[in-house]
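The values are calculated or read from the model by the stated rules, or taken from the named source; none is laboratory data. Computed from a predicted structure; not experimentally measured. Note that each Cβ is placed from the backbone with ideal geometry, even for glycine, and that neighbours are counted across all protein chains shown.
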Amino acid sequence: MEIFNNPLIYFVIVPLLTLLGLALCSNKGIGAVRAVAVAGATVLVGLAGWLVYLFLQARGAGDTSEMLLRSDVVWYAPLNIKLALGVDGVSVVMIVLSAFIVFAGVFASWKMNPLPKQFFLWFYLLSTGVFGFFISIDLFTMFMFYEVALIPMYLLIGVWGSGNKNYSAMKLTLMLMGGSAFLMLGIIGIYFHSSTDGQLTMNILEIAHNDAIPHDWQLWLFPLTFIGFGVLGAMFPFHTWSPDGHASAPTAVSMLHAGVLMKLGGYGCFRIAIYLMPFAANELGWIFLTLTGISIVYGAFSACVQTDLKYINAYSSVSHCGMVLFAILMFNTTAMTGAVLQMLSHGLMTALFFALIGMIYGRTHTRDIRDMGGMMQIMPYLGVGYVIAGLASLGLPGLSGFVAEMTIFVGSYEHADVFHRVLTIAATCSIVITAVYILRVVGKLLFGAVQNEHHRELTDATWEERLSTATLIVCVAIIGCFPNFFVNIISDSFLPIVKALGAAI
Amino acid sequence: MPQEIGLLLVFLLVFLYDTFMPARSQRFLPYFTTALFAVFTVLSFVPCQMGEAFGGMFETNLATWVMKCVLNIGLLLVLMQSIKWTNDDFVSVRRGEFYELMLLTLLGMFLMVSARHFLLFVIGLETASLPIAALTAFEKRYYESHEAAAKYIFTAIFSSAIFMLGISFVYGMTGSLYFHDIATALISEKSALLFAAVAFVIAGVGYKLSLVPFHQWTADVYQGAPTAVTSYLSVVSKGAAAFAFLVILVQAFGAAYAQVWQWMLYAVIILTITIGNLFAIRQRNLKRFLAFSSISQAGYIMLGVIAANTVGMASMMYYILVYIFSNLAAFAVIAAIERQSGRVTIDDYNGLFKTNPWMAFTMMLAMFSLGGIPPFAGFFSKFFIFVGAAQTGSVAIYVLVFIALVNTIISLYYYLLVVKAMFIRQDECVIPYIDSHWTEELGMTVSVMGIIAVGLASGIYTFFSQITESVGHIFAMI
């Protein structure tokens, strides 16, 4: 089997082996479950590092092909469906991001109760879907992995969640599956117009190369696929699953969902919707640009008035993920690079936020900021972590948020027309609003007066919590301090897309 | 033909065993039948001689051969699940009849699948329908069982009458009941009579598939019938009818595709999927729930018929296979639990995961597969059947696919309700630990393996696809 020589396939095999290992663990003890889960996550992080090395080596050796590490295995021959693997810079950084968040997530759910084994089973099934999505370049397998990543959410929230979990779990699942219904129709439509010589294909590179989708078909296939992925990217007005879902989900699931799963939306938007249908993207981009502009500002304003920590962070995710789609729709390399940096940055800092919120909630049993205060005295480690996450979120230089937002706004401002300028300026305002809600929480939660005397007896972070958060903090700082490393990996990937867009005007 | 002869042989052996073996060994009749049928199922996979019989009224080709194998798998699973039930004190006195009638109805379905002449088709249809009424009434103790049987038989007779009226119109127009004669005679026919004839044929077969608006009997019959019979009705009987339906519409009325039956079927599919789904949401009894779910699944199967191309046909056969595994996994759990605790409502399944984790797991996989969640087989079958329909290329069919896709979301909602009851409401367990019989467990295991393997092993679909390519000439008239 030649495909096993491709390192990419191991990003699916390792989670599957972890699943198998977990399934063999006994139901009683938690020790074996933890060991298997940590082993799986560590191997994934190692693999991700190795992948970056291989990628840089190949690029350094002058391999300029669009996708590296390609391999094809025919799966469903009658429909020309292949297990086609391949990565470009964007997929590489997304895989790295996912690996780190899975790693942090395992430690954040160290004391998971009840049914830790089942929790990690679903958790790793979700990860399998995520990694599978990023390594595939075949529409069918991408879509399949995308749905594999969605459905575990239902049980993860429903069984281990808190609050109004039944409602949230059902709402989230149905809305995301609704999005994927659009997507499936879009994919079928793309497939039947993928080539003019009768050799229909599902391979993204071949479809883009053939450029055979008629313009009138593009005009309705593009909205289908863009909305399909946009739902997962929390695009206004399809974002309503996000606050409820994140608020009810257990910590590690919120981390993985906000940190990685929502990125699937942004990634799919440019890899499938824009890349394959550049004509329609040029024609209809303004509609979605307006919607994402609304997402950015609306999400930020909504975050200002929430009192539940998770809701604040969920709305802030709507705003930040809106920024990702916004930048992608600017159709130039700078903004798109910014979009990927923003995906990385948002993924890490939101995961950090959710991890910290989960840890605080585990101690205080409340997430309402009105009932808490003075946490900096009580649990300084978590407090400092929260401040760092907050500063990254509002774009302090030296942390990841600044790099990403700066790149996005510079890229967006390259457009000289009034429409883009106005939207860019509106979106820029969100930085100020972000500062308002972040500082409000930090001031109240961390530095305010202690609201509840019982809180004085609480303890600071344990070692696994420290490990989990420290991993993420270090990542945030690395992106903030060495953005060039990431920009170099990413930026080449957008050349074919921008070229296709330019050619289709 | 060898498949029919083999089936008759199985039937005769069972009949002889039932009649002549001493009473103390009657207890082994279910095992004997199931084992014999398992051997037959395995042997039926050996490609047999293809050709015609009865002067062209009966035809076997690769597609009918594969379809019959699929039906065999379905019946085998049903038989496995019902072994323990037929050995219950009350049922045991008549278990011989149960197996004989089951095998006979399968023979009727074989005839339906292979018929190339309306007369033979009607014989098959009646053979496949009337014994089911007797089987439905098998739970003599229960009033609902009788009611269900009465409903079933009245609907069956009435639909047959309509169907025969339809084919008498056809005979009037064409002077023949051979499919290929009809097809050639109808090429330039556009009379109102043809519309009526096709509509009557759709109504006549539609009841067997429980397509809306011919579905009224479904929920009551599914609820009242013994669970083994319900599961048989919902998958095997439906699968055979769907395949025969495709053959009739394509081979006999192929020329009338665009003008006549494409639009009729279009409306019927939308109604079937939507109404089946909307009614399923409100059901609390799991058997009624699966009845409405099976109505909407029949709508999806019909997408393969309206496609009227080889991809659609391959996808439809594949869909039926997947549907057999998924639905029978669900029914295996329902049957085992009903047999021991008598509980069948969704609320009874609260916290099932705590007391019976494996059954809950099986049920969950069944629900995910029915709802079309990857990596389970249901996802692949749905995708392929949509691809088959979309291959026609018309925008109207894309709209139809879109409506079907929206309906998958609705269906996912109610399938998740079952999952929610089993996994999320863990604090209120109703059903104690169920000590299921090994045959039931075997049935569940095979179904679960089917759900997982049929999708991931692409060879099956590829094989179906090659098979339908080889009979592609039947679509010549479209």
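A few points about this structure:
- Of the criteria (1) touching a residue at least 24 places away in the same chain (Cβ under 8 Å); (2) hydrophobic (A, V, I, L, M, F, W, C); (3) assigned to a helix (DSSP H, G or I), which one B:W263 fails: (1)
- Test: B:Y178 is touching a strand residue (DSSP E or B) at 6+ places or on another chain (Cβ under 6 Å), surrounded by 17 or more Cβ atoms within 10 Å (Cβ to Cβ) and either over 30 Å from B:Q223 (Cα atoms) or at pLDDT 90 or above (or both): yes
- Comparison of B:L400, B:L405 shows that the only residue that is part of a helix (DSSP H, G or I) and facing another protein chain (nearest Cβ under 7 Å) is B:L405.
- Single unsatisfied condition, A:S180 versus (1) in a loop (DSSP other than H, G, I, E, B); (2) within 11 Å of chain B (Cβ to nearest Cβ); (3) of a type in the set (S, T, Y): (1)
- Extreme residue, surrounded by the fewest Cβ atoms within 10 Å (Cβ to Cβ), among residues of the range B:420-448 that are facing chain A (nearest Cβ under 7 Å) and of a type outside the set (K, R): B:I424
- Of the residues making up the range A:308-315, none is assigned to a helix (DSSP H, G or I), within 18 Å of the chain's Cα centre (by Cα), under 21 Å from A:V102 (Cα atoms) and hydroxyl-bearing (S, T, Y).
- The set of residues in the range A:209-241 that are part of a helix (DSSP H, G or I), more than 12 Å from chain B (Cβ to nearest Cβ) and surrounded by fewer than 23 Cβ atoms within 10 Å (Cβ to Cβ) comprises A:H209, A:N210, A:H215, A:L219, A:P223, A:I227.
- Tally of residues being in a helix (DSSP H, G or I) and at the interface with chain A (Cβ under 8 Å from one of its Cβ atoms) across the range B:381-397: 5
- In the range A:316-356, the qualifying residues are those that are of a type in the set (F, W, Y) and in a helix (DSSP H, G or I), and the one that is nearest to A:V498 (Cα to Cα) is A:F326.
- Residue within the range B:354-377 that is among the small types (G, A, S), under 30 Å from A:S194 (Cα atoms) and facing chain A (nearest Cβ under 10 Å) present: yes
- All conditions but one from (1) part of a helix (DSSP H, G or I); (2) farther than 21 Å from B:A63 by Cα apply to B:L249; the one that does not is (2).
- When the residues of the range A:125-146 are filtered to those that are in contact with a strand residue (DSSP E or B) (Cβ under 7 Å, 6 or more places away or on another chain) and at the interface with another protein chain (Cβ under 10 Å from one of its Cβ atoms), the one that is farthest from A:V12 (Cα to Cα) is A:F140.
- Verdict on B:S436 being in a helix (DSSP H, G or I), touching a residue at least 24 places away in the same chain (Cβ under 8 Å) and among the hydroxyl-bearing types (S, T, Y): no
Residues are listed down the side, and each one gets a yes or a no for (1) assigned to a loop (DSSP other than H, G, I, E, B); (2) surrounded by 15 or more Cβ atoms within 10 Å (Cβ to Cβ); (3) among the small types (G, A, S):
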{"site": "A:L391", "(1), (2), (3)": "no, yes, no"}
{"site": "A:T407", "(1), (2), (3)": "no, yes, no"}
{"site": "A:H415", "(1), (2), (3)": "yes, yes, no"}
{"site": "A:C429", "(1), (2), (3)": "no, no, no"}
{"site": "A:G443", "(1), (2), (3)": "no, no, yes"}
{"site": "A:H455", "(1), (2), (3)": "no, yes, no"}
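- The lone exception for B:S168 - which of (1) touching a Gly at 6+ places or on another chain (Cβ under 8 Å); (2) at pLDDT 90 or above; (3) surrounded by fewer than 19 Cβ atoms within 10 Å (Cβ to Cβ) it fails: (1)
- Which listed residue, of A:L472, A:L458, is closer than 30 Å to A:V38 by Cα, aliphatic (A, V, I, L, M) and touching a Lys or Arg at 6+ places or on another chain (Cβ under 9 Å): A:L458
- Here B:Y398 does not fit the description of being touching a residue at least 24 places away in the same chain (Cβ under 8 Å) and not polar (S, T, N, Q).
- Qualifying positions in the range A:183-208 - within 14 Å of chain B (Cβ to nearest Cβ), on the phi < 0 side of the Ramachandran plot, assigned to a loop (DSSP other than H, G, I, E, B) and of a type in the set (G, A, S): A:S194
- Unique residue being within 13 Å of another protein chain (Cβ to nearest Cβ), under 30 Å from A:I479 (Cα atoms) and of a type in the set (A, V, I, L, M, F, W, C) when the list is A:A104, A:A108, A:A149: A:A149
- Members of the range A:307-353 that are of a type outside the set (A, V, I, L, M) and either without any contact (Cβ under 8 Å) to a residue 24 or more places away in the chain or within 15 Å of A:A389 (Cα to Cα) (or both): A:K310, A:N313, A:S316, A:S317, A:H320, A:Q342, A:S345, A:H346, A:G347, A:T350, A:F353
- Residue that is modelled with the lowest pLDDT, among those in the range A:357-382 that are part of a helix (DSSP H, G or I) and hydroxyl-bearing (S, T, Y): A:T364
- Unmet criterion (only one of (1) among the hydrophobic types (A, V, I, L, M, F, W, C); (2) within 23 Å of the chain's Cα centre (by Cα); (3) more than 27 Å from B:M80 (Cβ to Cβ)) for B:V395: (2)
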